[in-house]
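Notes for the one structure printed next.
The values are calculated or read from the model by the stated rules, or taken from the named source; none is laboratory data. All figures in this text were calculated on a predicted structure; none of them were measured in a lab. Cβ placement follows ideal geometry from the backbone for every residue including glycine, while neighbour counts extend to all protein chains displayed. Accessible surface areas use protein heavy atoms only, side chains included; no ligands, DNA or RNA. Shrake-Rupley method; radii C 1.70, N 1.55, O 1.52, S 1.80 Å.
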Amino acid sequence: MRDDHAWSAHDGAFTELGLRAMVLRLPHLLALTARLAHRADARALRMVVGAETGRGVAQAVAMVNLNGVLAALLGGGATTERLRGALPALLTVGLVAVAGAVLKSVSTMGTGRLEPKVERVATELYLRAAQRVEMAAVEDAEFHKRLESARFGAGAARRMIQYATSVINALLSLTAALAVLTALHPALLPLIVLMTLPSAWAALSVARRNYLSHLAWMQHARAGRMLSDLLTSAQAAAEIRVHGIGGFLLRHFRLMAEDSELEQTRLARLAARTGLVAALGTGAATLAAFGVLGWLLWSGAMALSVGGTAVIALRTGSGALESLVRQINYLHEEALFVGDLEHVQAEAAARAIPDRGRALPERLDEIRFEKVTFRYPGTDVPALRELDLVVPAGKIVALVGSNGSGKTTAVKLLSGLYTPDEGQVLVGGVPTDAVDRHALFSRVSTVGQDYFRWPFTARANIAIGRADAPLTEHRLDGAVRYADAEEVVREMPRGLDTLLARGYKGGHNLSGGQWQKLAIARARYRDGEILVVDEPTAALDAAAEQEVFAKIRNLAADGQTIVLITHRLHSVRHADLIYLMEHGRTVEHGTFRELMSPSAPGGFRALYELQRSQFQTEEETGRPSLPAQNGPAADGR
Ligand SMILES: Nc1ncnc2c1ncn2[C@@H]1O[C@H](COP(=O)(O)OP(=O)(O)OP(=O)(O)O)[C@@H](O)[C@H]1O
């Protein structure tokens, strides 16, 4: 399950985890964080930057005054005089410490305010980009993986605030310490670097290793999460119990967890080894640094009071430098994920459904497929092959044919979800690859085979048909009546306000047929000019099925254009036009009467007879069967 991460947008990114590259990228990273933070809450950002700058200045002032304190204490004269001499500087150090503490709490408050907002802004950027892409991108596995990876970006953006704040703070501390050290003795400057090098090296090595491991094991971690989700999933619960799948899933979960434990152990072992080597290095470097300091004092090149301040500045400076390297490192790691977010956003923008296009005429006269060939992304076999088809406005057009013959695909192209690879789909004379697709969507209502069961209230499940318009009770009641769902609503514990989300407090579940009625009500509530119904009655009982077809006929009489996909051939008797599809093209078309006439090619007639004979045989034998209740299926399903 280890990923080869060949797809990763981070290819080679770990090689950028060198100190030089990271320092060079620092301004970009800080600007990136600042942009996100500014967008989220400009005031809180100003608060944090102001407080951190103040803290840096306070540290510099404290260090300079500490030098004054030491100089006064270690200078000549009586003890009381020396103390009196040190007092002003001492007071300043105290005041600056209080100011530093206040500024720190201001910064903490600002950061706390910024972090969740930044995460929200980054998440929204990601979600907005994701929901606008073409279906082709949704079904593109590569794009999906990138989306998955970019999901980390929002959390990373949040963490970047903390790291960026720490970087600014460490930079200011370091600058203060370096300024003081330069003033004391220039020879002290390289000592800071010497003392910091080992731990900086350790931090970089560990981060580089962790990052590589994260990339290599990302797929594995996802698969592990998927297994644990399955074990607690309400949808899989029945099958897990009846088929005894729990043990199987648990076994595989443990195997996968054990694999990643091994990897964690390997990383911990290496981190411990690196830490030990770094500690030895730091020890040796500190000894050398203090050796140099001792020599400066012994040779008289430096006064004792200056030596005291130098020790403090050296410790502060090396601490700040170490923290700086570590924080830049973290910032850099997080920025890689935020970078993913940026990449995905750019890619999503390039693959978004265009905002503009040619306007549709007020009234559509027909929808016409002209030699349409279409392949799903990543497949070689066309789902539609030179398909010709006409749907006249205000008529019922039925698409029938065996499984996989391309019926659902044809209506997806008709609705504007996909555009043809060859040929064209003309809606009111405008080709769908040039039309304003959002305008086309607004003219279509669908009740698909895989209509979505929204985990909201029943009311929201219907009104979501026109999600961007205010809810109208009158329209809602009409839709419920139309879908024959009044009884369903009556029987729900809180009527239309019943929550239909299983697994949530007060959540209620419906049967397949009841859900289907809600889906029909939703399509009615939407009231698109073109109604696409794909197997609308699959889960309905015989009486409800008859009702639905009668209503569909009424809609066509009202001028709505209906495209009906069904395997129940007796239901298409009243269609104005029937298309029989095979292997992505139409093989017969006409009215029911025409297709059943002896002069017709006979494909439809043979299918119809097959269904009828199946129906009769079952009635004769008296054997109860599912198709007999719901009507036989064309393909014998
Ligand atoms: N999202 C998809 N990605 C790749 N191939 C797909 C996708 N959806 C459908 N196909 C393929 O396209 C072909 C046509 O499928 P389609 O769903 O249009 O058939 P259908 O006539 O509606 O079938 P059914 O009666 O079973 O619903 C099939 O070969 C199917 O495997």
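Structure summary
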quantity: So GLY155, is it farther than 30 Å from PRO354 by Cβ, under 13 Å from the mean Cα position of the chain (by Cα) and assigned to a helix (DSSP H, G or I); calculated: yes
quantity: Given (1) within 16 Å of the ligand (Cβ to nearest atom); (2) assigned by TED's automatic domain parsing to the domain that holds PRO27, index of the condition SER318 fails; calculated: (1)
quantity: Answer from ARG612, ARG605, ARG573, ARG585 - the residue that is charged (D, E, K, R), within 15 Å of the ligand (Cβ to nearest atom) and at pLDDT 55 or above; calculated: ARG585
quantity: Residue in segment 438-454 that is touching a helix residue (DSSP H, G or I) at 6+ places or on another chain (Cβ under 6 Å), within 16 Å of the ligand (Cβ to nearest atom) and more than 19 Å from ILE353 (Cα to Cα) present; calculated: yes
quantity: Residue count, segment 329-386 (criterion: open to solvent by 60 Å² or more (accessible area, probe 1.4 Å), of a type in the set (A, V, I, L, M, F, W, C) and more than 16 Å from the ligand (Cβ to nearest atom)); calculated: 4
quantity: Residue count, segment 122-147 (criterion: in a helix (DSSP H, G or I) and either touching a helix residue (DSSP H, G or I) at 6+ places or on another chain (Cβ under 7 Å) or within 16 Å of the ligand (Cβ to nearest atom) (or both)); calculated: 16
quantity: Matching residues, segment 577-611, being of a type in the set (Val, Ile, Thr) and either outside any strand (DSSP E or B) or at positive phi (or both); calculated: THR591
quantity: Verdict on ARG222 being charged (D, E, K, R) and over 30 Å from GLY503 (Cβ atoms); calculated: no
quantity: Lone qualifier among ALA271, ALA301 - being in a helix (DSSP H, G or I) and among the aliphatic types (A, V, I, L, M); calculated: ALA271
quantity: Single residue of THR379, THR409 found to be of a type in the set (Val, Ile, Thr), more than 30 Å from MET492 (Cβ to Cβ) and without any contact (Cβ under 8 Å) to a residue 40 or more places away in the chain; calculated: THR379
quantity: Pair list, Cβ under 6 Å, 6 or more apart: segment 201-214 residue within 20 Å of SER318 (Cα to Cα), other residue open to solvent by 60 Å² or more (accessible area, probe 1.4 Å); calculated: ALA203/ARG326
quantity: Hits in segment 342-389 (condition: part of a strand (DSSP E or B) and charged (D, E, K, R)); calculated: ARG358, GLU366, ARG368, GLU370, LYS371, ARG385, GLU386, ASP388
quantity: Total residues in segment 81-137, condition open to solvent by less than 30 Å² (accessible area, probe 1.4 Å), hydroxyl-bearing (Ser, Thr, Tyr) and at pLDDT below 90; calculated: 1
quantity: Filter result (outside any helix (DSSP H, G or I) and within 13 Å of the ligand (Cβ to nearest atom)) within segment 390-414; calculated: ALA398, LEU399, VAL400, GLY401, SER402, ASN403, GLY404, SER405, GLY406
quantity: Residues satisfying the stated conditions in segment 164-177, i.e. over 14 Å from GLY110 (Cα atoms) and either touching a Leu at 6+ places or on another chain (Cβ under 7 Å) or outside any helix (DSSP H, G or I) (or both); calculated: VAL167, ALA170, LEU171, LEU174
quantity: Residue among LYS517, LYS505 that alone is open to solvent by less than 50 Å² (accessible area, probe 1.4 Å) and either touching a Pro at 6+ places or on another chain (Cβ under 6 Å) or closer than 30 Å to GLN235 by Cβ (or both); calculated: LYS517
